[in-house]
1. Filtering region 78-97 down to residues that are free of Cβ contacts under 8 Å to residues at least 24 places away in the same chain and more than 19 Å from Q122 (Cβ to Cβ), which residue is most open to solvent (accessible area, probe 1.4 Å)?
2. Across region 151-184, what is the total count of residues that are open to solvent by less than 50 Å² (accessible area, probe 1.4 Å) and touching a helix residue (DSSP H, G or I) at 6+ places or on another chain (Cβ under 7 Å)?
3. What's the total number of residues in region 93-126 that are within 22 Å of K61 (Cβ to Cβ) and out of contact with any strand residue (DSSP E or B) (no Cβ under 9 Å at 6 or more places or on another chain)?
4. Using beta carbons and a limit of 6 Å, which pairs, at least six apart or on different chains, have the first residue in region 153-173 and over 22 Å from M138 (Cβ atoms) and outside any helix (DSSP H, G or I) and the second one modelled with pLDDT of 95 or more and among the charged types (D, E, K, R)?
5. Please work out which residue is nearest to M1 (Cα to Cα), limiting yourself to region 136-152 and to residues that are in contact with a strand residue (DSSP E or B) (Cβ under 7 Å, 6 or more places away or on another chain) and either of a type in the set (G, A, S) or assigned to a helix (DSSP H, G or I) (or both).
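The values are calculated or read from the model by the stated rules, or taken from the named source; none is laboratory data. Remember, it's a predicted structure, so these values are computed and weren't measured experimentally. No Cβ is skipped: glycine too gets one built from the backbone with ideal geometry, and neighbour counts run over all protein chains shown. Remember, those area values only see protein heavy atoms, side chains included, never the ligands or the DNA or RNA. Shrake-Rupley method; radii C 1.70, N 1.55, O 1.52, S 1.80 Å.
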Amino acid sequence: MVKILGIPGSLRKASYNKALMRTAAELLPPNTTMEIFELDGIPPFNQDEENSPPPRVVELKRKIREADGILFATPEYNYSIPGVLKNAIDWASRPYADNAWYGKPAAIMSASIGMIGGARAQYHLRQVFVFLNMPSVMQPEVIVTFAPQKFDSELRLLDNDAKKFISQLLQNLVKLIETTKSSK
């Protein structure tokens with residue numbers, strides 16, 4: 001059984017990226033499970049506390065380590081990833097010798113109200129993966145543009161092409177996980 005940890009990079013209750021994550025949970029390949037971890041309650045990173053992190057951070061690091069791979073769904077804020085997501089990434093990568101992300105396969109998807117769909121946030125997150133040593137799925141790029149037109153009032157994804165891309169992204173993440181496991 002392949003275990004994926006889904007991390008939406010938004011705190012909003014009506015987040016399109018949380019809705020993408022719920023859609024992904026419905027499209028998992030066979031023999032795959034996914035737990036979604038919300039970033040609520042993670043305090044701002046403080047290096048003075050990295051050796052004794054708060055319980056919510058300890059829980060995040062444990063869930064990362066228990067997972068075979070990570071699926072991120074991130075909005076784009078100011079051409080980059082949201083501060084709440086960067087903050088969680090920083091906490092889970094510290095202290096220096098205790099990077100929970102190290103070597104963990106990852107995939108990214110995003111939804112946005114505009115025509116870029118979060119592409120720049122995905123690019124920045126991939127840059128962060130380099131330091132964290134996280135191999136990532138490169139294709140397909142799941143970028144849901146003009147999100148208000150592609151979700152219904154219950155935040156269910158209506159776009160069948162996007163669902164196909166999410167399904168393929170998940171299949172490719174599972175393949176990357178299996179390849180990574182077999183090379184260890």
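1. Step one: of region 78-97, the residues free of Cβ contacts under 8 Å to residues at least 24 places away in the same chain are 78, 83, 96-97.
Right, trim to more than 19 Å from Q122 (Cβ to Cβ) and you get 96-97.
Numbers: Y96: 162, A97: 104 Å².
Here the answer is Y96.
2. At the first step, the residues of region 151-184 found to be open to solvent by less than 50 Å² (accessible area, probe 1.4 Å) are 151-152, 155, 157, 159, 162, 166-167, 169-170, 172-174, 176-177, 180.
Checking the rest, the ones that are also touching a helix residue (DSSP H, G or I) at 6+ places or on another chain (Cβ under 7 Å) come to 151, 155, 157, 166, 170.
Result for region 151-184: 5.
3. The total comes to 10.
4. These pairs meet every condition: L158/K150; L158/D152.
5. First, pick out the residues of region 136-152 that are in contact with a strand residue (DSSP E or B) (Cβ under 7 Å, 6 or more places away or on another chain): 136-137, 142-144, 147, 150-151.
Keeping just the survivors that are either of a type in the set (G, A, S) or assigned to a helix (DSSP H, G or I) (or both) gives 136, 147.
On the way: S136: 20, A147: 32 Å.
So, considering only residues that are in contact with a strand residue (DSSP E or B) (Cβ under 7 Å, 6 or more places away or on another chain) and either of a type in the set (G, A, S) or assigned to a helix (DSSP H, G or I) (or both), the one nearest to M1 (Cα to Cα) is S136.
Listed here are the residues, each with its yes/no results for (1) open to solvent by less than 10 Å² (accessible area, probe 1.4 Å); (2) at pLDDT below 95.
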{"site": "R12", "(1), (2)": "no, yes"}
{"site": "M34", "(1), (2)": "no, no"}
{"site": "L60", "(1), (2)": "yes, no"}
{"site": "I108", "(1), (2)": "yes, no"}
